[in-house]
Amino acid sequence: MSLSTTQMFVRPDVECVGNDSAFLQPLLVTIYFSGPVPQHLIHEQIKPIKITVSVAEEYNKFMAPVIHAKAWSVYQSEPSEPAVPPPHPLQYCTGSDDISMQTCTQDFAIPFLPLPRTFDCTDPQQWDTLSKEIECWLVDEVHNSSLPMWMWGRDAFWLTFIGTHPRFPNGRWSAWDPRIPLEGTFIEEWLGGDETESVCLDGSSDSDENDDCHDTGSVVTPLDCSITLSYIWDAFS
């Protein structure tokens, strides 16, 4: 069986840290498949598609590429919609998978969705802006914490908050409105289920480390933060 392959070379941006280190920045790659496939060739599911990333041999002992892939059907969106599909922070509101986002949002306008096509999921500053928008909307518009919409917005807020502070609860972080509790499936799993009592609302923790992904004195590297942001984006999408 012959394989159809396409190969291209790309040069990622490089960010220098201090005088000794440099980090290759993440790449956003979109793969399209031209031409239809006869249905008789697709049984229960299409065969896996292999994606390979190679780096120069001299880099191998210092770093390794990490691939995150997410399927996206272009037929789910109208051509006039933004290039970035409107994100759906959760497919549930109260912890049950059978409650859809449509059920949660049918009675409320959501001013922060869809995201602009210029939204950069690798930029914590953009997550910070989005997080503040969700926070204001949640406490000023939704109000009632017993509503499914509140629970949906609360989890969306925590996703964007972690996008802003990938090292949370370590380092320092911005304070949030105390009316938004450290509750919900995502944030409880993120904290390990037993760390909420040690988190202060004033934006501090037991650590004096600066919440900077590029702090070379920390064990957290830009690659770690990039993986975290990619995870957050997958969860938010």
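The values are calculated or read from the model by the stated rules, or taken from the named source; none is laboratory data. The structure presented is a predicted model; accordingly, all values stated were derived computationally and were not measured. Please note: Cβ atoms are built from the backbone with ideal geometry, for glycine as well, and neighbour counts cover all protein chains shown.
Worth pointing out:
- Filtered residues of the range 160-173 (kept if out of contact with any helix residue (DSSP H, G or I) (no Cβ under 6 Å at 6 or more places or on another chain) and among the small types (Gly, Ala, Ser)): Gly171
- Extreme residue, surrounded by the fewest Cβ atoms within 10 Å (Cβ to Cβ), among residues of the range 187-217 that are in a helix (DSSP H, G or I) and at pLDDT below 50: Glu197
- Just one of the listed residues (Gly171, Gly163) is in a helix (DSSP H, G or I) and surrounded by 15 or more Cβ atoms within 10 Å (Cβ to Cβ), and it is Gly163.
Results for (1) surrounded by 10 or more Cβ atoms within 10 Å (Cβ to Cβ); (2) modelled with pLDDT under 75; (3) more than 23 Å from Tyr231 (Cα to Cα); (4) hydrophobic (A, V, I, L, M, F, W, C), shown as yes or no for each residue.
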{"site": "Gln7", "(1), (2), (3), (4)": "no, no, yes, no"}
{"site": "Cys16", "(1), (2), (3), (4)": "yes, no, yes, yes"}
{"site": "Leu27", "(1), (2), (3), (4)": "yes, no, no, yes"}
{"site": "Phe33", "(1), (2), (3), (4)": "no, yes, yes, yes"}
{"site": "Val55", "(1), (2), (3), (4)": "yes, no, no, yes"}
{"site": "Ala71", "(1), (2), (3), (4)": "no, yes, no, yes"}
{"site": "Glu78", "(1), (2), (3), (4)": "no, yes, yes, no"}
{"site": "Glu81", "(1), (2), (3), (4)": "yes, yes, yes, no"}
{"site": "Val84", "(1), (2), (3), (4)": "yes, yes, no, yes"}
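- Those residues of the range 175-189 which are farther than 15 Å from Ser131 by Cβ and within 20 Å of the chain's Cα centre (by Cα), in sequence order: Glu183, Thr185, Glu188, Glu189
- Looking across the range 119-150, just one residue is in a loop (DSSP other than H, G, I, E, B), within 15 Å of the chain's Cα centre (by Cα) and either at pLDDT 90 or above or among the polar types (S, T, N, Q) (or both), and that is Thr122.
- For the range 171-182, a residue qualifies if it is touching a residue at least 40 places away in the same chain (Cβ under 8 Å) and of a type outside the set (Val, Ile, Thr), and the qualifying residues are Gly171, Ser174, Trp176, Asp177, Arg179.
- Evaluated against (1) modelled with pLDDT under 80; (2) farther than 29 Å from Phe112 by Cα; (3) more than 23 Å from the chain's Cα centre (by Cα); (4) not hydroxyl-bearing (Ser, Thr, Tyr), Val66 falls short on exactly one condition, (3).
- Some residue of the range 174-186 being modelled with pLDDT under 85, within 15 Å of Ile232 (Cα to Cα), β-branched (Val, Ile, Thr) and out of contact with any helix residue (DSSP H, G or I) (no Cβ under 6 Å at 6 or more places or on another chain): yes
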